[in-house]
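Data first, discussion second: the structure below is written as structure tokens.
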Amino acid sequence: MKYNIGFWIFTRVGEGEATFQSLGNGRYLAYHEGKTLGLVAWISRYRRDFYRSTMGTINNGKRLIPLRFEEEVVIGKKIRKRITTYDYNARRVFVETQKEEKVTREEIEIPFGVIYDDPMTAFYNFRSGVSGKVEPGKKFSIYTVPRGGSQKVIRMVVASKEEAGKKRSAEVEKERKDLFITVTLDKELVGSLQGLVETWFSADIVPVSGIAKDVFFWGDITGKLTYQGFLESSDKFYPLGKGIEKGFPDRLQKKHAKS
């Protein structure tokens, strides 16, 4: 999956790419990279964001669980990293953060009966219906690792058909904008006071466009899907929106059709 990033009147000041890859034996790797372009790249000191989630599965392959989540933000010569490791046997999550050569470590207990998702695992589980069918009027709460002593929750609110219809009528491009979903993420991840993202999804729960609201310094940041399908010749890369709701198979079909 590829997409363009824009703000104000500029439709392409950055670009992003996301892939989902089978590692075999019930393990998967989701990867996302975003970068700024042109004048905005110069203003932002050539910012690049990297996110990598290594996942396992439970419930006969129908639910993903995070094993290791890596975040890296590069701004000029400064690098900010965070690695979150999940130890289910010890029921512990270990978080190591590196910021301006300072390293901090945190250990969090996983309560019995609780599964903490990372943002990428949460997205794929949301698509596959782990928390229920995604349909108009539904609300979802997905728990992620607490930080600083406070619980972090990803909230997704699917607009009613009537509300989505009104919003769609105001859109210039209406194709594949079937579900309007408001997502509230970790404020630090989005870089805003509210962590609010308004997103249009297709009927098969593929994000086709969205707006990250009130991002610090930039204001509203837009995103638009430009490509959906295989990004590599390897059959290990699974195209978003092609049967993932049926489970997460260890061996993926050699099927290279574009979505």
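Look through Glu101, Glu107 and report the one residue that is farther than 24 Å from Gly61 by Cβ, surrounded by fewer than 13 Cβ atoms within 10 Å (Cβ to Cβ) and out of contact with any strand residue (DSSP E or B) (no Cβ under 9 Å at 6 or more places or on another chain).
Values: Glu107 fails: out of contact with any strand residue (DSSP E or B) (no Cβ under 9 Å at 6 or more places or on another chain).
One residue alone meets the criteria, Glu101.
Condition first: of a type in the set (Ser, Thr, Tyr) and closer than 21 Å to Glu33 by Cα. Now tell me which residues in the stretch 61-100 satisfy that. Before you say what the answer is, go through the steps one by one.
So in the stretch 61-100, the residues of a type in the set (Ser, Thr, Tyr) come out as 84-86, 88, 97.
Selection gives Thr84, Thr85, Thr97.
Given the conditions (1) under 17 Å from the mean Cα position of the chain (by Cα); (2) modelled with pLDDT under 85; (3) on the phi < 0 side of the Ramachandran plot, which single one is not true for Glu232?
So the condition that Glu232 fails would be (1).
Select from the stretch 197-216 the residues that are not small (Gly, Ala, Ser) and not in a loop (DSSP other than H, G, I, E, B) and list them in ascending order. Quick ask: steps written out before the conclusion?
Residues of the stretch 197-216 that are not small (Gly, Ala, Ser), as a first pass: 197-201, 204-208, 211, 213-216.
Across the stretch 197-216, the qualifying residues are Val197, Glu198, Thr199, Trp200, Phe201, Pro207, Val208, Ile211, Lys213, Asp214, Val215.
Go over the candidates Gly165, Gly210, Gly195 one by one and state the one that is at pLDDT 85 or above and under 17 Å from the mean Cα position of the chain (by Cα).
Gly210
Please report, ordered by residue number, the strands (runs of 3 or more DSSP E) entirely within the stretch 9-60 with at least 3 residues that are within 28 Å of Tyr88 (Cβ to Cβ) and among the polar types (S, T, N, Q). Lay out the reasoning, then the answer.
Values: elements: 10-24, 27-36, 48-58.
Fully inside the stretch 9-60 and qualifying: 10-24, 48-58.
With the requirement that a residue be within 22 Å of Ile108 (Cβ to Cβ) and buried (at least 20 other Cβ atoms within 10 Å of the Cβ), what does the stretch 126-144 give you?
The answer is Ile142, Thr144.
Any chance the stretch 134-152 includes a residue that's more than 24 Å from Lys213 (Cα to Cα) and in a strand (DSSP E or B)?
No, the stretch 134-152 contains no residue that is more than 24 Å from Lys213 (Cα to Cα) and in a strand (DSSP E or B).
Give the stretch 187-196 a look and list any residue that's part of a helix (DSSP H, G or I) and either crowded, with 20+ Cβ neighbours inside 10 Å or β-branched (Val, Ile, Thr) (or both), or say none.
Quick first cut of the stretch 187-196, residues part of a helix (DSSP H, G or I) only: 187-190.
Answer for the stretch 187-196, where residues must be part of a helix (DSSP H, G or I) and either crowded, with 20+ Cβ neighbours inside 10 Å or β-branched (Val, Ile, Thr) (or both): just Val190.
Would you be able to tell me the number of residues in the stretch 86-134 that are of a type in the set (Gly, Ala, Ser) and on the phi > 0 side of the Ramachandran plot?
At the first step, the residues of the stretch 86-134 found to be of a type in the set (Gly, Ala, Ser) are 90, 113, 122, 128-129, 131-132.
Okay, now just the ones that are also on the phi > 0 side of the Ramachandran plot, so 113, 129, 132.
Residues meeting the conditions: 3.
Report whether or not Val206 is in contact with a Gly (Cβ under 8 Å, 6 or more places away or on another chain) and either surrounded by 14 or more Cβ atoms within 10 Å (Cβ to Cβ) or more than 15 Å from Lys224 (Cα to Cα) (or both). I'd like the intermediate steps shown before the answer.
On the way: in contact with a Gly (Cβ under 8 Å, 6 or more places away or on another chain): yes; either surrounded by 14 or more Cβ atoms within 10 Å (Cβ to Cβ) or more than 15 Å from Lys224 (Cα to Cα) (or both): yes.
Considered against the rule, which asks whether it is in contact with a Gly (Cβ under 8 Å, 6 or more places away or on another chain) and either surrounded by 14 or more Cβ atoms within 10 Å (Cβ to Cβ) or more than 15 Å from Lys224 (Cα to Cα) (or both), Val206 comes out as yes.
Of the numbered conditions (1) free of Cβ contacts under 8 Å to residues at least 60 places away in the same chain; (2) touching a Leu at 6+ places or on another chain (Cβ under 8 Å), Ile205 fails exactly one; give the number of that condition.
(1)
Residue by residue through the stretch 105-133, note down the ones that are under 19 Å from the mean Cα position of the chain (by Cα), charged (D, E, K, R) and either part of a helix (DSSP H, G or I) or closer than 19 Å to Ile83 by Cα (or both).
In the first step, residues of the stretch 105-133 are kept if they are under 19 Å from the mean Cα position of the chain (by Cα); the result is 115-133.
Next, from what is left, pick out any that are charged (D, E, K, R): 117-118, 127, 133.
Correct list: Asp117, Asp118, Arg127.
The values are calculated or read from the model by the stated rules, or taken from the named source; none is laboratory data. Please read all numbers here as calculations on a predicted model, not as lab measurements. Cβ: placed from backbone, ideal geometry, glycine included. Neighbour counts: every protein chain shown.
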